[in-house]
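Everything below concerns the one structure shown next.
The values are calculated or read from the model by the stated rules, or taken from the named source; none is laboratory data. It should be emphasised that the depicted structure is a prediction, and the values quoted were computed from it without experimental measurement. So basically every Cβ, Gly included, is an ideal-geometry build from the backbone, and we count neighbours across all protein chains shown. Keep in mind that these areas ignore ligands, DNA and RNA; they rest on the heavy atoms of the full protein, side chains included. Shrake-Rupley method; radii C 1.70, N 1.55, O 1.52, S 1.80 Å.
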Amino acid sequence: FFPGSVKRLAKDDGLCKGPRPAMGVWEMAKLASLLCNPESGVIVLTPDDNVDELKRELSEQVGTTTVTVLGIRAAKGLDFAEVVLVDFFKCLDAQQHKSWKKMLHSSPPPGFRDNHPEVETQLKLLYTAVTRPQQRLTMIETAPSKAASSFLAVLRNQDKLVELSTNSTIETHLLTPDEWLARGLDFALEASGHTSLAGVGREHDLTIALTWLNNSIECFRKAGKVGLAYVGKAHVHTEVLRFLHNGVQKEDHESALVELVKRCITQAMWLEAHSLVSCLITSPYYQQQPEFYQRQVEQNVHAVLRSSCIHEVKGEAEEGKEHEKTVDV
């Protein structure tokens, strides 16, 4: 649209990817409750001529506010960890909304730059705003508009932006399912740093590890379908750590341990299963009836493996049938 407005640079790829920007339409009351939380730590940017109005509206909602509100031009050259860009599109006039909608939903028409010169300035202003945050960018509009709807639709379809619903929170919807999954795996790694399957140590270490695992489970749940399998694994790993820490203290615990071994194998958690079997072998009850418990473990292992093989064979057979149908067609 504006080929002469910036110098052309070589494509630049980041070394790592953070959460995608998020955008939504929220009422001022909801926005104020978020921004005026002392723990939020966000910086608010808005078009320079809207700074005083936004401060007044935020103060009316919460009585007083210590949130930092800056104009976009005033923030040029500065960097902040988290930025909320408020009412960028709301501050445009009716004609400018039409210009943005035309730009976003069509190929560059002849003479667009000459007919809509204000858009070039607004694009540079938007660029300045969205490059201020180091970790997280959220765009909030306090009223729906044509330009905002068009901007959101285009970037959402390109999977470059997350839409915030009216009843959501930034934290819940800012990360993609894959990002929630990655965060859960990071928490699980933290848990492994405090305990070892070779021997769970002090009660304090176990408590810390279980706390990290609970955090990982919550992240896996927020990941949706991609995190379901990891929820099961994390739950089983939690029970394994507790069992290894407490040991086999009663005779009926051995049956519970054998059942847990079965669950480990079902989840393909072989190291956990091995650790539990090692724990079983060292128990005094096992020493009294080793053959009985050996048979129990072997039967469970064989049952699970047999079931897995049957499922795999059925799956291959079904794939073969589908292939035959395709060939026939």
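Things worth noting here:
- A 1.4 Å probe, protein heavy atoms only, puts the accessible area of Val62 near 60 Å².
- Listed residues Val84, Val130, Val67 arranged by accessible area, highest first, probe 1.4 Å: Val130, Val67, Val84
- The fraction of Cα-Cα pairs per 10 angstrom bin, counted from 0 for segment 28-149, comes to 13, 42, 31, 12, 2, 0 percent, rounded to whole percents.
- Local electrostatic count at Arg73 - Lys and Arg +1, Asp and Glu -1, tallied over other residues with Cβ under 13 Å: +1
- FRET efficiency for Glu118 and Arg221, using Cβ-Cβ distance with R0 set to 56 Å, rounded to 0.05: 0.75
- Ordered by 1.4 Å accessible area with all protein chains kept, Leu213, Leu34 run largest first as Leu34, Leu213.
- With all protein chains modelled, accessible area of Glu218 [1.4 Å, Å²]: 90
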